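The values are calculated or read from the model by the stated rules, or taken from the named source; none is laboratory data. Treat the numbers as computed from the prediction; the structure is a model and nothing was measured. Here the Cβ is made from the backbone with ideal geometry for all residues, glycine too, and neighbour counts use every protein chain on show. Ligands, DNA and RNA are stripped out before the accessible areas are found, and what is left, the full protein with its side chains, is counted by its heavy atoms. Shrake-Rupley method; radii C 1.70, N 1.55, O 1.52, S 1.80 Å.
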Amino acid sequence: MEKAGGSPSVGGSYPQKNAEILSSQYGINLFLAGLLLTFAWAVHAVGISKSHLLSYLITLMLIQLLWMLWYLCRSCTQRRLIRDKDTHAGARWLKCGITLFAVITLILDSFKIGYYIDFSNCLSPTEGIFPVTHAVHTILQVYFLWCHAKDIIQSFKTLERFGVIHSVFTNLLLWTNGVLTESKHQLNEHKERLITLGFGNITIVLDDHAPQCNCTTTTLCSIFSQGIYYLYPFNIEYHILASTMLYVLWKNIGRKVECQQQHKTPFKFHGITVGMIFGLIVLTSTIAIVVVYLIQIGRSKIKSELALTMFYLHAIFVLALMCTAGIVALLIYRLEDRSLDNSKNPARKLDAELLVGTAAGSWLLSWGSILAIICAQAHPKYTWYNLPYSILVIIEKYIQNLFIIESIHREQEKVNDDIKTLRIVTISRGSTLSLTPSYKEIYNGRAAGDSGEIPCLFKGSISRRENHAGGGTKEETSQENSSGMHSASDFSFYNRNSVTNNKRRVLKNIAAFLFLCNLSLWIPPAFGCRPEYDNGLEEIVFGFEPWIIVVNLAMPFSIFYRMHSAASLFEVNCKT
């Protein structure tokens, strides 16, 4: 009988597991084909042009659009059905963030359309079709994620797995295309800067994909071409966020949910003033440093060296503060005795894996810089600041990852719904006496009630009534003893509660400070302030081409790490 009862569930799991494996392999092959096509275009492979790459991306987006429309139509016809939801997936702040990035991405698409119109004489039609298709894809995808990011799909599971995984890898390919385009632009500027730093022994060959014709409107062309590269960082973040949200949706297909309670985590500014003030100071100073850096770098050798020195000193100071804040937070966690939530949660698991995985990008760059400083024969003065900077980058991310991962796995403090403030009204000598018991009193009273005893608070009221009937002396004695016991327990409880609140306040301020610091450290590499390119020491030790390949592979992960850390710290602040 046990075999008969168990066989259907076991047998039924095989098709779904096979569908998961098949869909994941389909997505990986889809991605690898697009990745090789992107690489072939980047190295000017014979017979491969940008129009081939864009045609492939347009096809993928159109297929995803058809799937999303089919899913939305099917959801409308079944809108009256009660569906399972993953309350941890698709948080409101995450949806707001991806919407902001999507709006800026739409501005980028409009710039690309204008750029195509001005150079239409010598550009392929695919370069005009691509931004239009991408704009439609962006609008529909954001709407889809707002409405269905929390869905746990239980019907047409095999088909939906292929549709969702197709969407995941389509966004990853669009992210890869954005990263490559932005990196090629940064690389061209970097090659020009190296000349001003005196690295004449490095061969400078610009990788130019510019149109081979004149623009119809010179001013507009300049605005479009320059504006596009300043907007690419937001487009890159949009696609990586979309792919992570869709991946969680894919992992949730066919999942059995135990609890359907909605846990709201609102963000409140109350109690985080100190962390916000220090974080805003770091953010403001970082923006100022980036502006000065971009103005000074490449002007002359002296100005470039001063810009690099200024960047390193500022980054060292900020990273040291972040390390200190992270250590304090971890020490507070060691003093607390709270269990961890180890329940199955695809969104939380993905957050932890992305933190460690993307941190490896900046760790690779840091270890490369440390090795270059050790092995180099000549050391310009500004390169010595790179050593403590690289060491602090490794330590800071190590500490921050520990703090964030432990924070998102800690169980929230829960207050039982039955424990509420009660207002007990008793009649004593013809007067109304109002008692408002503390949380501790009610908690103890409820525990006593569960064991068949009368809660102490109610005992006090009953005792006073009986004594009033029997005599006033006993009533006064009982009241004095009761008030003394309540005062002692209240003082002990409020003392512990005050310590707990102080710890929570410190943790919230640390999370707010680290949130703004990670936003600050996202800005420099995202907008072209990249000393890994500009100091020149690594290129001499490793060679120009090998080091540039390492930087171009690792830098996108380093940039994404800061934005993902900021998002995770925002969630930590809400939960604390």
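Of the residues Leu187, Leu194, which is at pLDDT below 75, open to solvent by less than 20 Å² (accessible area, probe 1.4 Å) and either part of a helix (DSSP H, G or I) or not small (Gly, Ala, Ser) (or both)?
Being at pLDDT below 75, open to solvent by less than 20 Å² (accessible area, probe 1.4 Å) and either part of a helix (DSSP H, G or I) or not small (Gly, Ala, Ser) (or both) holds for just one of Leu187, Leu194, which is Leu194.
Pairs meeting the criteria (first residue in the stretch 559-576 and over 9 Å from Thr358 (Cβ atoms), second residue acidic (Asp, Glu) and open to solvent by less than 10 Å² (accessible area, probe 1.4 Å), beta carbons under 7 Å, at least 6 apart or on different chains) are Met563/Glu237.
In the stretch 128-165, what residues are among the aliphatic types (A, V, I, L, M) and assigned to a helix (DSSP H, G or I)? Across the stretch 128-165, the qualifying residues are Ile129, Val132, Ala135, Val136, Ile139, Leu140, Val142, Leu145, Leu159, Val164, Ile165. Residues that are assigned to a helix (DSSP H, G or I), over 18 Å from Met555 (Cα atoms), assigned by the TED database to the domain that holds His564 and of a type in the set (Gly, Ala, Ser) do occur in the stretch 340-349. Among residues of the stretch 233-247 that are more than 15 Å from Met68 (Cα to Cα) and not assigned by the TED database to the domain that holds Arg530, those with a Cβ under 8 angstrom from a residue that is hydroxyl-bearing (Ser, Thr, Tyr) and open to solvent by less than 20 Å² (accessible area, probe 1.4 Å), sequence gap 6+ or separate chain, pair up as Phe234/Thr105; Asn235/Thr105; Tyr238/Thr105; Tyr238/Thr138. Being assigned by the TED database to the domain that holds Arg504 and surrounded by 20 or more Cβ atoms within 10 Å (Cβ to Cβ), is that true of even one residue in the stretch 330-339? There is no residue in the stretch 330-339 that is assigned by the TED database to the domain that holds Arg504 and surrounded by 20 or more Cβ atoms within 10 Å (Cβ to Cβ).
Does the stretch 166-177 contain any residue that is in a helix (DSSP H, G or I) and open to solvent by 50 Å² or more (accessible area, probe 1.4 Å)? There is no residue in the stretch 166-177 that is in a helix (DSSP H, G or I) and open to solvent by 50 Å² or more (accessible area, probe 1.4 Å). The residue that is least open to solvent (accessible area, probe 1.4 Å), counting only those in the stretch 131-152 that are among the β-branched types (Val, Ile, Thr) and out of contact with any Asp or Glu (no Cβ under 6 Å at 6 or more places or on another chain), is Thr138.
Regarding Val179, is this residue in the same structural domain as Tyr232 (by the TED database) and without any contact (Cβ under 8 Å) to a residue 12 or more places away in the chain?
When the stated conditions are applied, Val179 does not pass them.
Being in contact (Cβ under 8 Å) with a residue 24 or more places away in the chain, in the same structural domain as Ile240 (by the TED database) and open to solvent by 10 Å² or more (accessible area, probe 1.4 Å) holds for only one residue in Gly97, Gly128, and it is Gly97.
If I go through the stretch 30-48 residue by residue, how many of them are out of contact with any helix residue (DSSP H, G or I) (no Cβ under 7 Å at 6 or more places or on another chain), more than 13 Å from Thr170 (Cβ to Cβ) and either assigned to a helix (DSSP H, G or I) or not hydrophobic (A, V, I, L, M, F, W, C) (or both)?
The number of residues fulfilling the criteria is 6.
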